Amino acid sequence: MKNRVKARIAMFRFTLGTGQSIGPRDLQSLWESACQVENLSVGCAPGPSYADKLTYSLYAPHDLTGLTEVEKRLRWLFGERKLRVSLICAHISHQHQNRPLPGAARPPQRVNVNQRSGPDSAVPQQ
């Protein structure tokens with residue numbers, strides 16, 4: 001049976017501070033240290049205009065777990081190298097897809113009607 005390689009998707013994207021850069025090997029090593037797994041890759045693309053900064057992308061299998069911890073380690077590793085980054089999470093894992101977005105309409109909550117009436121007496125039930 002062939003050993004299948006899982007498809008990788010962008011998990012994080014970032015730009016570096018003015019005058020800063022990182023090579024592909026160093027970035028790959030940093031990304032592997034942050035994720036603590038293999039089968040990762042990195043990429044870099046120029047912005048749409050000459051004056052734009054490079055945008056770096058960090059790729060991993062779609063089922064990478066512990067993204068919060070990975071991001072913390074990643075930020076710490078950038079700090080250790082004195083790299084100023086503007087980092088965004090580029091992927092929402094399946095476990096976060098069902099959470100409402102901030103400011104989104106929420107479904108009505110059930111209220112216990114057996115309690116006494118008054119403006120502060122209605123308590124949402126779970």
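None of the figures in this text is laboratory data; all of them are computed from the coordinates on show. All values derive from a computational prediction rather than experimental measurement. Backbone-built Cβ (ideal geometry, glycine too); neighbour counts: all protein chains shown.
Specify which residue in the list 62, 19, 76 is farthest towards the positive end of the charge dipole of region 8-93, using unit charges on the beta carbon of Lys, Arg (+1) and Asp, Glu (-1), about the Cα centre.
19
To the nearest 20 debye, what charge dipole does region 8-93 have about its Cα centre, counting +1 at the Cβ of each Lys and Arg and -1 at the Cβ of each Asp and Glu?
Using only the charged Cβ atoms, the result is roughly 280 debye.
Output wanted: per-residue J couplings in Hz (rounded whole) for region 44-51, from phi through Karplus 6.51 cos²θ - 1.76 cosθ + 1.60, θ = phi - 60°, x for Gly and Pro.
Here the 3J(HN,Hα) series is 8, 9, x, x, x, 10, 4, 6 Hz.
Compute the convex hull volume of the Cα atoms of region 8-93, divide it by the residue count, and report the result per residue in Å³ as a whole number.
Working: hull volume 7.6 nm³, N = 86.
Roughly 88 Å³ of hull volume per residue.
Residue by residue through region 72-78, what is 3J(HN,Hα) from phi via Karplus (6.51 cos²θ - 1.76 cosθ + 1.60, θ = phi - 60°)? Round to whole Hz and write x for glycine and proline.
Here the 3J(HN,Hα) series is 4, 5, 4, 4, 5, 5, 4 Hz.
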